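Okay, structure first, notes after.
We did not get these values from a lab; they are worked out from the coordinates using the rules stated. None of these values were measured; they are calculated from a predicted model. Quick reminder, even Gly has a Cβ in these numbers, built from the backbone with ideal geometry, and neighbours come from all protein chains shown.
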Amino acid sequence: MTQLKNLFTKVMIGNTELKNRILSTAHQTNHVTDGIPTKDMIAYHEARAKGGIGLIVLEAAAVHPSGMLTTNTVAGFDRRIVEAYSKLSETMHQYGTKVFSQLFHGGREVVSSDYRNAALAPSSVPSLRFSTMPRPMSLEEIEEVIEGFAVSAKLAKEGGLDGVEICCSHGYLPSQFWASHTNLRTDEYGGSFENRMRFIVEVIERVWNAVGDDFTVGIRMSADEMTMDGTTMKDAVQIVEYLADKSRLDFVNVTAGDSSTYAGSTHIVPPSPMKHAYLSAHGFKIRMAGAIPVFVGSRIVDPVEAEQIIATGKADMVGMTRATIVDPDMPNKALKGEFHLIDACIGCLQACIGHYHKGLPISCIQNPQAGKEAQILPLLQKKNDKKSVLVIGAGPGGMEAAVAADTQGYDVTLIDQSDRIGGLLQTMRKAPMRHEMAESMLDNYSKQLAVSNVNVKLGQKVTREEVIALAPDAIICAVGSRSYIPQVEGINDPRVIMVDKIFNKTDIMAGQNAIVFDFGGDWPGIEAAIHLAEKGCKVTLVTTRLHVGEEIHQYLRNEYMKKLYQLNITMKAHHDFGGIINGNVVVRNLFTHKREEMENHKIIVLSVGRVPNTELYEEIKNLAPTVSQIGDCLAPRTIEEATLEGLLAAVNIEDNSSRYSDSSSDYVQV
Ligand SMILES: Cc1cc2nc3c(=O)[nH]c(=O)nc-3n(C[C@H](O)[C@H](O)[C@H](O)COP(=O)(O)O)c2cc1C
Ligand code: SF4
């Protein structure tokens, strides 16, 4: 009997019976070719269905060619989609998981594409984030798009899906009609509240006419756009009350945020350190307003949090999207009470929404199999031959390699010279805004190692002689990197400190001037600046990049920018560190090469790159039949590359011919 009685209770949503209260909300996988889902998308969702999830809402499917958010958007209006939907629904139904499609039109929100669509919207009001200026829709175009919603819903039903969700959230087209700041029309679709609601009311009506009564239809909406001039909870309550009165709606999927501004967009996929389950009160208010079943999500990472939401009547279903990207088996583990086996999402955004915005297939830095299920899962089977594997270095890459090798039944030893696992995660956990990410990732890997057969040896520096004595069949070298120290004048000045030491510095005093040099546009320099400013220093953050945080996913960068402004940190882009001359810090402009001397800095922090630790690999590279080098010791990059290379090294121990290859361009063939 499960301890989470409410979460694992069946529920009827419209005409769809769901076996539990956990759903995966719509999220783009980029496993789409020419508008049609690929086999990799099916394999991706199948892993989550197999893991016990009750409902999967498939990613945004455009209802009209003008509504494509990117080149990789699913073409929900295209008749070829029926075949793909059939395969998706047949696969998920085998596991008792129900499947909806999300019907989508972005309006003025056009992210990117090979060829950028002319954006259509109720009125010519620009999207600030994408710098799009839309053209006002003609009445004929409005009619065509409404028909597109109806046709796309019918195709979803023909493909065996269980329902559709009309996307009205995040400032996309239906909400561009209902919001007075984006709808300046003077015809029957603009002006009064009733006129601005006409578009969505007609869409819902036409969808029902197209699918008939024996289907499930709901909407997704932002209960609060959480941005300047955006719609608020008060508006959302009015909208839901009106729709509940005018239309048949089987559910409202509550989210927050707005695509058109930096601040609003953060809530599309909220990062750490934002609070867990921060929208549950919003869910409750919408549930009360409409007396309609409500779904709520966003940063719900733990099934116990989800249980409380259902138990306290905040919502009827809980969105746990990234929670199941990281750990597809989370629902089954929670059902069985195996909470110690669940890996939590750390809210980094790097490989899920980060990949989406780079046009890459979905993945996860903690679960590099995600999005590659079709290729990786067959390789992760138990092997008959119990080879011995030595993994040197217990950072994220080494831990991932050790766990993946253990899954295949190898005899694994993981050694690290430190007395704690984690490598650079131990530095990251001291950084003010990365604390939760690091702690949570350390916790996840600690649990995985604890239930594995991996022999973990800490506080032990590995030498060539020890490797010879151990005589492993395979070696995975994951010994990381160290700070790069530029050989410039003044580098030995006692005020200079490398970034990974700054979080341990004990003599930082309020009022001191501090300058931080960032080379990667990444988090260490920003975190150092925040750390110093929070201790009362007057901080300048200098980056070689075009802007601060250039390499950080934009939703997380938004949170960093807010913090940097709140702390009055001075930002200076496209400059680098030119050394220390006459006691002054030299800052160089990368375009004009002009040098500037800055006086009176008591703390000079360098985050100017890392150097790979290659020495051990050179000594041991011939000591086993398979020796691989992964992560930072191969070339300093991020955790994502480290864990992916750890996984790939582990699946390639046995047989180099079984190498993972990407087949994401396959269409669904049924
Ligand atoms: C890669 C990715 C793509 C997304 N695409 C969509 C989408 O197509 N439509 C949508 O309404 N939300 C989209 N979202 C937002 C998610 O549905 C969800 O609201 C968000 O991930 C927060 O929930 P979580 O904390 O449970 O992950 C996307 C999220 C991710 C991570
Ligand atoms: S990449 Fe980061 S935010 Fe995305 S699912 Fe994985 S842990 Fe969560």
Discussion item. Helix 139-158 against the longest principal axis of the chain: what's the angle in degrees, Cα atoms only, rounded to the nearest 10?
Written reply: 80
Practice prompt. Would you mind checking the tilt of helix 81-93 against the longest principal axis of the Cα atoms of the chain, expressed as 0 to 90 degrees and rounded to 10?
Written response: 70
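Provide the FRET efficiency to the nearest 0.05 for the Asn455-Arg248 pair, computing r from the beta carbons and using R0 = 51 Å.
Efficiency at R0 = 51 Å is approximately 0.25.
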Practice prompt. Mind putting together the pair-distance distribution for the stretch 427-494? All Cα pairs, 10 Å bins, whole percent per bin, short to long.
Written response: 13, 27, 32, 21, 7, 0
Fill in: Equivalent ellipsoid, the stretch 556-643 (semi-axes from 5 times Cα gyration tensor eigenvalues, Å)
37, 20, 12
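Taking a ≥ b ≥ c as the square roots of the eigenvalues of the Cα gyration tensor of the stretch 11-374, is the shape rounded (a/c under 1.5), prolate (a/b larger than b/c) or oblate? Numbers along the way, then the final one.
Working: a/c = 1.40, a/b = 1.32, b/c = 1.07.
The shape class here is rounded.
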Worksheet item: How many angstrom separate the Cα center of the stretch 5-78 from the Cα center of the stretch 103-146?
Response: 24
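Take the alpha carbon gyration tensor of the chain, find the square roots of its eigenvalues, order them as a ≥ b ≥ c, and report rounded if a/c is under 1.5; if not, report prolate when a/b exceeds b/c, else oblate.
Taking the square roots of the gyration eigenvalues as a ≥ b ≥ c, the chain is oblate.
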Item to complete: Compute the Kirkwood hydrodynamic radius of the stretch 455-539, taking the inverse of the mean of 1/r over all pairs of distinct Cα atoms, and give it in Å to one decimal.
Response: 16.4
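Quickly estimate the mean residue ellipticity at 222 nm for the chain, helices only: each DSSP H run with n ≥ 4 gives -39500 (n - 2.57), and the total goes over all residues, rounded to 500. Please list the in-between numbers first.
Values: 22 runs with 218 residues, N = 670.
Helix contribution divided over all residues of the chain: -9500 deg cm²/dmol.
Taking the stretch 244-322, which trypsin sites (Lys or Arg not before Pro) meet the DSSP loop condition and have no more than 13 other C-beta atoms within 10 Å?
Numbers: sites: Lys246, Arg248, Lys275, Lys285, Arg287, Arg299, Lys314, Arg322; in loops: Arg248, Lys275, Arg299, Lys314.
Those that pass, being in a loop and sparsely packed, are Lys275.
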Worksheet item: Where in the stretch 398-493 are there trypsin sites (Lys or Arg not before Pro) that are in a DSSP coil and have at most 13 other Cβ atoms within 10 angstrom of their Cβ?
Response: Arg420, Lys461
Discussion item. Strictly greater than 17 Å: what percent of every Cα pair in the stretch 172-297 meets that?
Written reply: 58
Worksheet item: Share of antiparallel DSSP beta bridges in the chain, in percent to the nearest 5?
Response: 25
Fill in: Helix 39-50 vs. the chain, principal-axis angle (Cα, 0 to 90°, nearest 10)
90
Worksheet item: What is the stretch 193-262 by shape, rounded, prolate or oblate, if you read a ≥ b ≥ c off the alpha carbon gyration tensor as root eigenvalues and call it rounded for a/c under 1.5, prolate for a/b larger than b/c, and oblate otherwise?
Response: prolate
Discussion item. Could you tell me the relative contact order of the chain? Use alpha-carbon pairs under 8 Å, at least six residues apart, and round to a whole percent.
Written reply: 13
Worksheet, complete the sentence: From the Cα centre of the stretch 166-232 to that of the stretch 374-415, the distance in Å is 50
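Expected output is a single nm value to one decimal: the length gained when fully extending between Ile508 and Val304, i.e. 0.36 nm times separation in residues minus the C-alpha distance. What is it? It would help to have the intermediate numbers written out before the result.
Values: separation 204, 0.36 × 204 = 73.44 nm, distance 4.01 nm.
Difference between extended and current length: 69.4 nm.
Just the Kirkwood number for the stretch 462-598, please: inverse of mean 1/r across all distinct Cα pairs, in Å, one decimal. Please list the in-between numbers first.
On the way: mean 1/r = 0.0591 Å⁻¹.
Final number for the Kirkwood radius of the stretch 462-598 is 16.9 Å.
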